[in-house]
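Quick notes on the structure that follows.
The values are calculated or read from the model by the stated rules, or taken from the named source; none is laboratory data. Being a predicted model, the structure only gives us computed values, none of them experimental. Here the Cβ positions follow ideal geometry from the backbone for every residue, glycine too, while neighbour counts run over all protein chains shown. Each accessible area value is taken on the protein alone, full model and side chains, heavy atoms only, with ligands, DNA and RNA left out. Shrake-Rupley method; radii C 1.70, N 1.55, O 1.52, S 1.80 Å.
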Amino acid sequence: MILLGIETSCDETSAAIVEGKDDQVILRSNIVASSLALHAKTGGVIPEIAAREQLKYMLPVLQEAVLPLVSKSESTKDPIGVSRRQPADRNDINKQTIINTLKHIDAIAVTYGPGLIGSLLVGVETARTLAYVLNKPLVPVNHMLGHIYANWLVARGTSAVESSNKLCATSYEQHAAIQFPAIALVVSGGHTDLLLLKNHGKYTLLGGTRDDAAGEAFDKIGRLLGLPYPAGAVIEKLAKEGDPKRFHFPRPLIGSGDFTFSFSGLKTAVLREVTRAGIKGNTSKETGLKDSHLIKDFARATQDAVIDVLTKKTMQAVEKYNAKSLLLSGGVAANQTLKDRFNVLSSQYGVPFFAPPRNLCTDNAAMIASAAYFNYHPVAWQEVVADPELYFD
Ligand code: KG4
Ligand code: ZN
């Protein structure tokens, strides 16, 4: 089954083609355009700017995602008699060729929430229009569930690997070993959720964050330290050279015995120390403090606190529910230090651990198509409506 995925929940505009076969989903393309550079200047995503950019990117991104499917004969066929070059020459691809190729897909998957309303609408309306015009089944996908399904993506065949977008994915061998029940930790800029997956489509939310998500905590603390937005990856880099003993920040709710998270207290604790250290707002950027030991030590202590809480609660869930697999996902799963800790813990507990490669941790459409393949519930296009507040039901 060939699926077209569309994802526009926050600041990324993404389209992907995947091929679902039995219990694997093969990446054929995964194109992501981001307006992050624009938001970095303001220290956060400005919803209206994100949506306006997505309107500009949506069709070019869609066109590029479809290219690996364009057959040689189709790309050289020209309805108006002008000879065509090969698909790689994307500027020369005929619109009719793209439409003809889209006719060969089996279904369309789109993120319908949670996210920013203006952003979601761009993807949802594009998907609804395509479903209507092409008469294809349309599968609405929860963005957070999509993150989890990045773990099922595999890159096989040259079309995925050779794509301009430098695709990579878990190896087939690794993918084949995912077994239920699984514990899934989704850590992104907007959510920190722990789920028990009994099977595809059968999941229970064990707990989530009461306030800030883990990624949000990194971003807000990054702002206190004068680091660029989003700060997660920068904090990870700085933390590598930070002194683990200089600061010790609280591990919120670490002993609560349940699966609820809270990270706003961590931010407050960092703020207190930052004020004591005399760092004001963006001064570190301006004065070159970014490379100072002080900032590296703050980064280290912040990352240690977040990782301690995430890993402790997740392993408690693994133990409680006798999980056969542990799945990490979401933008924060790009953090190698977090993955390394989970790797060590999961081998201690004897539970296979999975995390998508870095480029599939952050928002992308392939994960949305993967979720749709395993949870295939098409809905009439008229009934697919963007829901910014969508949560796990
Ligand atoms: O999943 P995602 O791309 O977007 C949302 O759905 O929110 O996650 C973005 C979040 C940001 O908060 C960013 O700071 C964080 O993921 N992030 C990281 C790393 N890379 C991205 N956090 C920690 N370490 C990283 N290497
Ligand atoms: Zn996300």
Scanning for something within 16 Å of ligand 2 (Cβ to nearest atom) and of a type in the set (S, T, N, Q), does the stretch 233-256 turn up at least one residue?
no
Residue 373: passes all of (1) in contact (Cβ under 8 Å) with a residue 60 or more places away in the chain; (2) within 16 Å of ligand 2 (Cβ to nearest atom) but (2)
Being more than 17 Å from residue 213 (Cα to Cα) and touching a strand residue (DSSP E or B) at 6+ places or on another chain (Cβ under 8 Å) narrows 309, 318, 332, 344 down to just 318
Scanning the stretch 198-210 residue by residue, those modelled with pLDDT of 95 or more and outside any strand (DSSP E or B) turn out to be 200
Requiring at least 3 residues that are at pLDDT 95 or above and within 20 Å of the chain's Cα centre (by Cα), the helices (runs of 4 or more DSSP H) wholly within the stretch 271-350 are 293-320, 336-349
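Table: residues versus (1) at pLDDT 90 or above; (2) among the small types (Gly, Ala, Ser); (3) assigned by TED's automatic domain parsing to the domain that holds residue 93; (4) not in a helix (DSSP H, G or I).
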{"residue": "27", "(1), (2), (3), (4)": "yes, no, yes, yes"}
{"residue": "42", "(1), (2), (3), (4)": "no, no, yes, yes"}
{"residue": "49", "(1), (2), (3), (4)": "no, no, yes, no"}
{"residue": "58", "(1), (2), (3), (4)": "yes, no, yes, no"}
{"residue": "62", "(1), (2), (3), (4)": "yes, no, yes, no"}
{"residue": "73", "(1), (2), (3), (4)": "no, yes, yes, no"}
{"residue": "81", "(1), (2), (3), (4)": "no, yes, yes, yes"}
Check: Does residue 353 fit the bill of being open to solvent by 10 Å² or more (accessible area, probe 1.4 Å), within 24 Å of residue 208 (Cα to Cα) and touching a Leu at 6+ places or on another chain (Cβ under 6 Å)?
Finding: yes
Inside the stretch 1-23, the number of residues satisfying the requirement of being in contact with a strand residue (DSSP E or B) (Cβ under 6 Å, 6 or more places away or on another chain), away from ligand 1 (no atom under 15 Å from the Cβ) and open to solvent by 10 Å² or more (accessible area, probe 1.4 Å) is 3
The residue from 242, 215, 222 that alone is within 16 Å of ligand 1 (Cβ to nearest atom) and in a loop (DSSP other than H, G, I, E, B) is 242
Does the stretch 367-375 include one or more residues that are open to solvent by less than 10 Å² (accessible area, probe 1.4 Å), outside any helix (DSSP H, G or I) and either out of contact with any Asp or Glu (no Cβ under 6 Å at 6 or more places or on another chain) or more than 12 Å from ligand 1 (Cβ to nearest atom) (or both)? no
